[in-house]
Every structure is written in C-alpha cells, then in structure tokens.
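Colleague: Below is the structure I would like to discuss, written out as structure tokens.
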Amino acid sequence: MKPARFEYHAPDTIGEAVTLLAELGEDAKILAGGQSLIPMLALRLTAFDHLVDVGRIRDLKGVERGDGRLAIGAGTTEAEVGADAAVGSAVPLLARATPLIGHFQIRNRGTLGGSIAHADPAAEYPAVALALDAVMETASPRGARSIPAGDYFQGLWTSNMEPDEMLVRVSFPVWAGRTGFAIEEIARRHGDFAIAGATVGIELESDNRIRRCAMALIGMGPTPERASAAEAAVAGRPIDEVDQDELGHLAVAGLSSVPADLHGTSDYRKKVGAVMVGRAWAAAREEASRE
C-alpha cells in the first residue's frame, strides 16, 4: 500500500520546526528516522496532512558530557549512539541496548529521540531512559521544558508532549564507582520487538552493600514499567544475599496490565519477564562486583 497524500516540510532549525508544528497543529507529525512512522503510514494505520522532517537540523545531533550527565541530541542516530565512546563509558546501559534494536539498517536511520518520542513499551531506549531517570528536554514556541522520564511516558505510543512540542535532547545521569549494567530480552528472532525484557543497573558500596539499583521492564505494559518495589527491596542489602529468582518474581508481581497477543499470554510474559530480570541482575551483579 501507499501512504495517504501529505505535504512535506524540511526545516533547518529547531525554531522553524516548532513554529511549523504550532501553525499546523494536530494535522502535523514529526518525521525523524521514520523507522516506525513510515511503515504505519504505508499500511494506512495512520495519516497526517503534514510531515515535518527534522533530519536536517544540526542542533539535534551530537553527544556532550558535563556536570555529571551525558546529553544526546534527539536526532543522533542509534548507530551513532552505539558507536560513540563517550556513551559506552558514561552510560553503558544505553550502549548495550543499541545492538538489540532491529537490524543495522534500522539503526543507521532510526534516532534516539525518535525511539523515545514514539514511546513503544516494547522498545529498548524508553526502558533505559526510565531506569536511569533520564530527562527529556523539549522545545516549543512557548519555550523549553525538561520532563523526567517517570512523567514522560503516558500510555501506548503516548508521551505528555504537546502537539507543538518536539524532543530536542535526552540527558542521562553518569553513574560512578562500583557499577554494573545489563539488559536482557527475548524475541521471536533477532531484530524483532521484545516479547519481554529487563534493564538493570547496580551501584555497590565498598562493603558490597547495594547503594543504588535501577530496574525497568520491556514489553510488560502499555508503557515501559519501573520495578520500584524490587529496587526498594534490595537497597542497602549485601549483594550476595539477593536471590535473583525471587527478585525477578518481585519485579513483575505488581503488574496489572501485561499485554497478551499471539506471541504469548499475560501469564507467559510475566514468567518470562521474571527470568529476564534475574538474568540481567546476575550480569550486572557480576560486573559491579569486579570493580
């Protein structure tokens, strides 16, 4: 099939882009890498009168580190994120999530901002952003806004950005000290969206007690899900006392909107999700314990 007719716009600056969004209203849609939008348009699952292509805006690209944070332009491609040494050093979880996204052709076109703004609960970057308490920086004709990841994801493919607002940058905290990070997921085949998955970050005290733990679940609800109860349960405990299987069950115990589809029932997803949490925990624990 072919998409419905639309008018194409290619602004050169962030200001031009948000002005267009304000003028065109809900009939306009931002086109970043297009890896999710173009197939949906082609299948006539959605239609817009105007597409605003932000791929030419240079201020949306690049990686900067400072003040204990790593800021990545929303237009930076997933391939660039995965290959950037600063990302791998400062936010290892983000770098490790990148190879799980589709195939290299997808990563060459898809962008960090496009993935997060699309807000797919089965995608890797939204879960990483939620687990690490990233901050989404947006722009609109009314000015700039910073949105914590915990407030950003509102529902399936839905964020709390306004129609005239665009994502311009995502800022991640840089963890220091004895840390370990891991992401585990299961899919029908490599490159498919995850049936279930988990991201885990651990920071240890010098006596091997858990100073900080961050967990988010992939494909387990209408949004990426934070495993807050599991995080709280391990805080301050010696890491060797944590049973990974028990932690996995605790992480999924409170989920009430686990999806069911042809790939599995809700109960199946919860069982698999618990296993993914346990595997990610074990890998992160091993890494943190080595330092």
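Colleague: If a residue counts only when it is free of Cβ contacts under 8 Å to residues at least 40 places away in the same chain and either crowded, with 16+ Cβ neighbours inside 10 Å or not assigned by TED's automatic domain parsing to the domain that holds residue 127 (or both), which strands (runs of 3 or more DSSP E) contained entirely in segment 176-288 have at least 3 such residues?
Modeller: 210-218
Colleague: Taking only pairs six or more apart or across chains, which ones have beta-carbon atoms under 8 Å, a first residue in segment 118-143 that is without any contact (Cβ under 8 Å) to a residue 24 or more places away in the chain, and a second residue that is surrounded by fewer than 23 Cβ atoms within 10 Å (Cβ to Cβ)?
Modeller: 142/164
Colleague: Another question about this same structure. Condition (residue is of a type in the set (Ser, Thr, Tyr) and exposed (fewer than 12 other Cβ atoms within 10 Å of the Cβ)) applied to segment 3-15: is it met by at least one residue?
Modeller: yes
Colleague: From the list 36, 115, which one is in contact (Cβ under 8 Å) with a residue 24 or more places away in the chain, under 17 Å from the mean Cα position of the chain (by Cα) and assigned by TED's automatic domain parsing to the domain that holds residue 20?
Modeller: 36
Colleague: OK, next. Filter segment 21-48 for residues that are part of a strand (DSSP E or B) and either modelled with pLDDT under 95 or β-branched (Val, Ile, Thr) (or both) and give the result.
Modeller: 30
Colleague: What about residue 18, is it within 22 Å of residue 185 (Cα to Cα) and in a helix (DSSP H, G or I)?
Modeller: no
Colleague: Can you list the strands (runs of 3 or more DSSP E) lying wholly within segment 49-97 that have 3 or more residues being within 16 Å of residue 34 (Cα to Cα) and at pLDDT 95 or above?
Modeller: In segment 49-97, 50-53 are the strands (runs of 3 or more DSSP E) which contain 3 or more residues that are within 16 Å of residue 34 (Cα to Cα) and at pLDDT 95 or above.
Colleague: Also, I was wondering about something else. Which condition does residue 80 not pass, out of (1) surrounded by fewer than 20 Cβ atoms within 10 Å (Cβ to Cβ); (2) out of contact with any strand residue (DSSP E or B) (no Cβ under 7 Å at 6 or more places or on another chain); (3) free of Cβ contacts under 8 Å to residues at least 24 places away in the same chain, if it passes all the others?
Modeller: Exception for residue 80: condition (1).
The values are calculated or read from the model by the stated rules, or taken from the named source; none is laboratory data. For clarity, every value in this text was computed on a predicted model and none was experimentally measured. Using ideal geometry, Cβ is built from the backbone for each residue, glycine included, and neighbour counts are taken over all protein chains shown.
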